[in-house]
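Novice: Would you mind keeping the following structure in view while I ask a few things?
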Amino acid sequence: MPVRQWDPASKAKVVLEGLQGKPETAICKRHNIKPAEYRRWRKEFLAKIAGSFVSRQGDERSKALRVAQDLIEVLPIPVFFKARDGKHLGANRAWEAYFGVERESFIGKTVQELFSHAPDVAARHQAADEDLWRNPGTRSYELQVPVRDGSVRHTLNYKATFTGADGKVAGLIGTIIDITERKRSEQRQAIEHRVTRLLSECETVAGAMPGVLAAFCESLGWACGARWSMDPEIGAFRCEEAWSVDDPDIATFLAASRQSNYQPGYAGFIRRVLGTGQPIWIVDVSADDSFLRGAQAAKAGLRSAFALPIRLGDQVLGAMEFFHRERRLPDEWLLETGVTLGNQIGHFMARVQAEGELREGEARFRSLTALSSDWYWEQDEQFRLTAMSSRFVERTGIDPAPYIGRKRWEQPALNLTESDWERHRAQLERHEPFFDFEIERPGPDGTSVWLSLSGEAVFDEGRRFRGYRGVGTDVTDRKRAQGVLRAAYEELARSNAELQQFAYVASHDLQEPLRMIGSYTQLLERRYGDRLDQDAREFMGFIVDGATRMKQLIEDLLAYSRVGTRGKEMRPVQAQAVLDKALVNLRAAVEQSAAAVTHGSLPEVNADDTQLAQLLQNLIGNAIKFRKKDEAPRIHVGVEDAGDEWHFSVADNGIGIEPQYFERIFLVFQRLHTQDEYPGTGIGLAICRKVVERHRGRIWVESAYGEGSTFHFTLPKIQKGET
Ligand code: ADP
């Protein structure tokens, strides 16, 4: 590539680009020159301008000066020059505009006089000048200076000396390049870089924040900062973390902030930011009523402050505040940088919380799998087993290795047929959840193990099917217990039936020999009665008596055994008709005892009418039998509607029953009295219970001893559709 020849005018143009603030690297790249070369041109350019001031003789000098001044006047960058004594000689229009000062007002003034409001700035310029006076030539340095509108700008200052007619240094010429934009983007980058690194390294907000606050303050020259959090439940907010330059007064101020818990409704700086989600700037904390900690802040040497929200979308998660030791006007750029930082922290907080929740979820899952006797499993989209928690082998003794990578139906199951598997497979292909799917697998040492599995389909964010996951339980014990229970039940049913049969056969077959005893005893009495003595006749009487009682017992027992075996089908019957039938059978007893039997209105019930009649007859019969000696029996049959069932009661005013016998009297042959007191076999109530239970009802007694008893029983109502 041919090397370009640079003429002085083109060089001056390039240098001017730089003097107007374009970054050096960009200029060098664009014009394909080396930075060193560019700097040399800049030096030459400034030296040439300065050289214009070099004294020549007479007219020639003043002509040269005029040309130089005209040139300077039109330069688009602030230029000034001053004499060897440090007093300003002049400046161009751009300078006036930059500082907002009429040039007449500063000619003849020193830098201290010009920057009386910013002594630090004056001192820095002064030092640079001193250096130049000692070692003439050119200098450049960066400095932050307050300008026209009170804002502070980053500047790059170039200065070059010029000599007088005597060849001695006569003064210097200086230019100012505003590098605020460049500086700011560098600062923002530096902050972002530091903060991004911090946030990626920290796991908690509390851990990250001091560093984040330091990054912001140090990069921008602010003295301290703090983060405030809000508890949305109670609306209170508090200062969580803080950072400050090394200053005990500021540390005291921040410590005080951190000690208080601010309540909602408490007007103030942070509260407003939290409430509105908008940043706030305070130029002077001691002069602002809305800043409640103003006096303390001023005492700590702080002047300006601003606060901004930490946000996550529309949600305000907290706020940050920063303080400067000097008066600072609201700075849009700074606020914007802060808001960006606030958003970055908002996202970090959300991430920390999500990670915390994830960790918590994982811990819960771990506890669950560790503490549960169930195991956890996963399948891929092909239904191949991909994971099985260790509880599986612990519980079942089965090695899971052969199961991994295979489908459920590719392993032997002892209880399931092809079509059972087909159904299960179809369910999985429909991605449906399944519950308590029971498989009997061959277990260790020739045993078998019953597994009960439940699972649900897993989908990714794109609703794509990813497989199944679920839990499994070892139900071998339950299965075995169920088997034992079933066997026991079957055995019970069988022996019950056998017993029924036995009772029936026994009572039936006993009747015949008993009849023989009865009839032959009577025959004996008839034929040989007059030849028997008194004793023998009495003994004969006992035999007849015993045989009669035995006959009654056998008949009752037969009736009892017939309740289960000879019952009729249930069908709707009018309870009134049934009661009437029972009373007909009891007529003799009723009349003899002068009993008064009353009843309420009676419903239609689903029953075996013969058995229901027997039930009522037994209960009313007992009520008559167990009457008091001196009182005629009063018996009432009542019915109440108890929802799904009818609640019957048979109440009497008889002798009553002691509570300890309430259960016993319903058992076969259980009686509370001797034959002499009250005759009977002790089977009546047992039959009642059997009848009621066959009708799917319950029977029980309530009684006050010596006052009377009430027997209760229930019968289910006729269901709709039942005829
Ligand atoms: P039994 O009437 O043949 O003795 P049950 O099985 O009918 O046999 O009655 C058992 C026992 O319950 C009776 O012996 C009696 O002591 C008691 N009992 C039954 N009904 C009444 C009643 N209404 N009042 C008092 N006691 C009764």
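The values are calculated or read from the model by the stated rules, or taken from the named source; none is laboratory data. Fair warning: this is a prediction, and the values are worked out from it, not measured in the lab. When we count neighbours, we look across all protein chains shown, and the Cβ atoms used for this are built from the backbone with ideal geometry, even at glycine. We work out accessible area using only protein heavy atoms, side chains counted, and drop any ligands, DNA or RNA first. Shrake-Rupley method; radii C 1.70, N 1.55, O 1.52, S 1.80 Å.
Novice: Got at least one residue in the stretch 165-177 being in contact (Cβ under 8 Å) with a residue 12 or more places away in the chain, farther than 22 Å from Trp133 by Cα and either among the charged types (D, E, K, R) or out of contact with any Pro (no Cβ under 9 Å at 6 or more places or on another chain) (or both)?
Specialist: no
Novice: Follow-up question, since we're still on this one. What's the total number of residues in the stretch 547-575 that are open to solvent by less than 40 Å² (accessible area, probe 1.4 Å) and touching a Pro at 6+ places or on another chain (Cβ under 9 Å)?
Specialist: So the count comes out to 1.
Novice: Can I ask one more? Looking at Glu640, Glu645, Glu663 in this structure, which one is more than 10 Å from the ligand (Cβ to nearest atom) and surrounded by 16 or more Cβ atoms within 10 Å (Cβ to Cβ)?
Specialist: Glu645
Novice: Is it the case that Ala686 is small (Gly, Ala, Ser), under 29 Å from Asp630 (Cα atoms), at pLDDT 90 or above and open to solvent by less than 30 Å² (accessible area, probe 1.4 Å)?
Specialist: For Ala686, the condition - small (Gly, Ala, Ser), under 29 Å from Asp630 (Cα atoms), at pLDDT 90 or above and open to solvent by less than 30 Å² (accessible area, probe 1.4 Å) - is met.
Novice: Does Ala623 satisfy being open to solvent by 50 Å² or more (accessible area, probe 1.4 Å), among the hydrophobic types (A, V, I, L, M, F, W, C) and either in a helix (DSSP H, G or I) or within 16 Å of the ligand (Cβ to nearest atom) (or both)?
Specialist: No, not satisfied.
Novice: Look at the stretch 126-154 and say how many of its residues are in a loop (DSSP other than H, G, I, E, B) and open to solvent by less than 50 Å² (accessible area, probe 1.4 Å). Steps first, please.
Specialist: Residues of the stretch 126-154 that are in a loop (DSSP other than H, G, I, E, B), as a first pass: 135-137, 147-151.
Next cut, open to solvent by less than 50 Å² (accessible area, probe 1.4 Å) only: 137, 147, 150-151.
The total comes to 4.
Novice: So, in the stretch 116-125, of the ones that are touching a residue at least 12 places away in the same chain (Cβ under 8 Å) and open to solvent by less than 20 Å² (accessible area, probe 1.4 Å), which residue ends up farthest from Ala91 (Cα to Cα)?
Specialist: The residue in question is Ala118.
Novice: To continue, here is another question. What are the pairs, 6+ residues apart or on separate chains, where a residue within the stretch 620-638 that is free of Cβ contacts under 8 Å to residues at least 24 places away in the same chain has its Cβ under 8 Å from a residue that is more than 9 Å from the ligand (Cβ to nearest atom)?
Specialist: Qualifying pairs under 8 Å: Glu631/Asn653.
Novice: Residue check: is Pro433 within 14 Å of Thr396 (Cα to Cα) and surrounded by fewer than 17 Cβ atoms within 10 Å (Cβ to Cβ)?
Specialist: Values: within 14 Å of Thr396 (Cα to Cα): no; surrounded by fewer than 17 Cβ atoms within 10 Å (Cβ to Cβ): yes.
In short, no.
Novice: Something else now. Is it the case, given these coordinates, that Ile657 is near the ligand (Cβ under 9 Å from one of its atoms), under 27 Å from Asp630 (Cβ atoms) and outside any loop (DSSP other than H, G, I, E, B)?
Specialist: no
Novice: Let me ask something else about it. From Val584, Val544, Val578, grab the single residue that is away from the ligand (no atom under 16 Å from the Cβ), open to solvent by less than 30 Å² (accessible area, probe 1.4 Å) and aliphatic (A, V, I, L, M).
Specialist: Val578
Novice: Quick one: which residue in Leu558, Leu615 is within 14 Å of the ligand (Cβ to nearest atom), in contact with a helix residue (DSSP H, G or I) (Cβ under 8 Å, 6 or more places away or on another chain) and closer than 30 Å to Val505 by Cβ?
Specialist: None of the others qualify; the one that does is Leu615.
Novice: Give me a count of the residues in the stretch 155-181 that are more than 23 Å from Arg84 (Cα to Cα), in contact with a strand residue (DSSP E or B) (Cβ under 8 Å, 6 or more places away or on another chain) and open to solvent by 10 Å² or more (accessible area, probe 1.4 Å).
Specialist: 1
Novice: Something else now. Among Val283, Val316, which is the only one that is out of contact with any Cys (no Cβ under 6 Å at 6 or more places or on another chain), β-branched (Val, Ile, Thr) and under 19 Å from Ile250 (Cα atoms)?
Specialist: One residue alone meets the criteria, Val283.
Novice: So Leu672 clears everything in (1) within 7 Å of the ligand (Cβ to nearest atom); (2) surrounded by 18 or more Cβ atoms within 10 Å (Cβ to Cβ) except one condition, right? Which one?
Specialist: In the conditions (1) within 7 Å of the ligand (Cβ to nearest atom); (2) surrounded by 18 or more Cβ atoms within 10 Å (Cβ to Cβ), Leu672 misses (2) alone.
Novice: Only residues that are without any contact (Cβ under 8 Å) to a residue 40 or more places away in the chain and more than 60 Å from the chain's Cα centre (by Cα): list them for the stretch 639-672, please.
Specialist: Matches in the stretch 639-672: Phe669, Gln670, Arg671, Leu672.
Novice: Have a look at Ser709, Ser703 and point out the one that is part of a strand (DSSP E or B), open to solvent by 20 Å² or more (accessible area, probe 1.4 Å) and within 9 Å of the ligand (Cβ to nearest atom).
Specialist: The unique qualifying residue is Ser703.
Novice: Related question: Could you give me the residue pairs with C-beta distances under 8 Å whose first residue belongs to the stretch 548-561 and is under 18 Å from Phe502 (Cβ atoms) and in a helix (DSSP H, G or I), whose second residue is open to solvent by 50 Å² or more (accessible area, probe 1.4 Å) and within 12 Å of the ligand (Cβ to nearest atom) wherever it lies, and which are 6+ apart or on separate chains?
Specialist: Going by the 8 Å Cβ cut-off, the qualifying pairs are Ala559/Gln614.
Novice: I'm trying to understand the selection: among the residues of the stretch 382-420, which are of a type outside the set (Ser, Thr, Tyr), part of a helix (DSSP H, G or I) and surrounded by 16 or more Cβ atoms within 10 Å (Cβ to Cβ)? Let's see the steps before the verdict.
Specialist: Going through the stretch 382-420, the residues of a type outside the set (Ser, Thr, Tyr) turn out to be 382-385, 387-388, 391-395, 397-402, 404-416, 418, 420.
Next cut, part of a helix (DSSP H, G or I) only: 391-395, 401-402, 408-410, 418, 420.
Result: Arg391, Phe392, Arg395, Arg408, Trp409.
Novice: Val692 passes all but one of (1) more than 12 Å from the ligand (Cβ to nearest atom); (2) loosely packed, with under 13 Cβ neighbours inside 10 Å; which number fails?
Specialist: Unmet for Val692, out of (1) more than 12 Å from the ligand (Cβ to nearest atom); (2) loosely packed, with under 13 Cβ neighbours inside 10 Å: (2).
Novice: So, one more: Within the stretch 191-204, which residues are hydrophobic (A, V, I, L, M, F, W, C) and open to solvent by 20 Å² or more (accessible area, probe 1.4 Å)? Outline the logic, then answer.
Specialist: First pass over the stretch 191-204, keeping only residues hydrophobic (A, V, I, L, M, F, W, C): 191, 195, 198-199, 202.
Listed by number, the residues that qualify are Leu198, Cys202.
Novice: Moving on to the next point. Filter the stretch 459-480 down to the residues that are charged (D, E, K, R) and either farther than 23 Å from Gly443 by Cα or touching a residue at least 60 places away in the same chain (Cβ under 8 Å) (or both) and list them by number.
Specialist: Once the filter is applied, which keeps residues that are charged (D, E, K, R) and either farther than 23 Å from Gly443 by Cα or touching a residue at least 60 places away in the same chain (Cβ under 8 Å) (or both), the stretch 459-480 yields Asp460, Glu461, Arg463, Arg464, Arg466, Arg469, Asp474.
Novice: Now, a different point. Pull out all pairs, ordered by first then second residue, where Cβ-Cβ is under 6 Å, the residues are six or more apart or on different chains, the first lies in the stretch 128-146 and is touching a residue at least 40 places away in the same chain (Cβ under 8 Å), and the second is of a type in the set (Ser, Thr, Tyr).
Specialist: Leu132/Thr161
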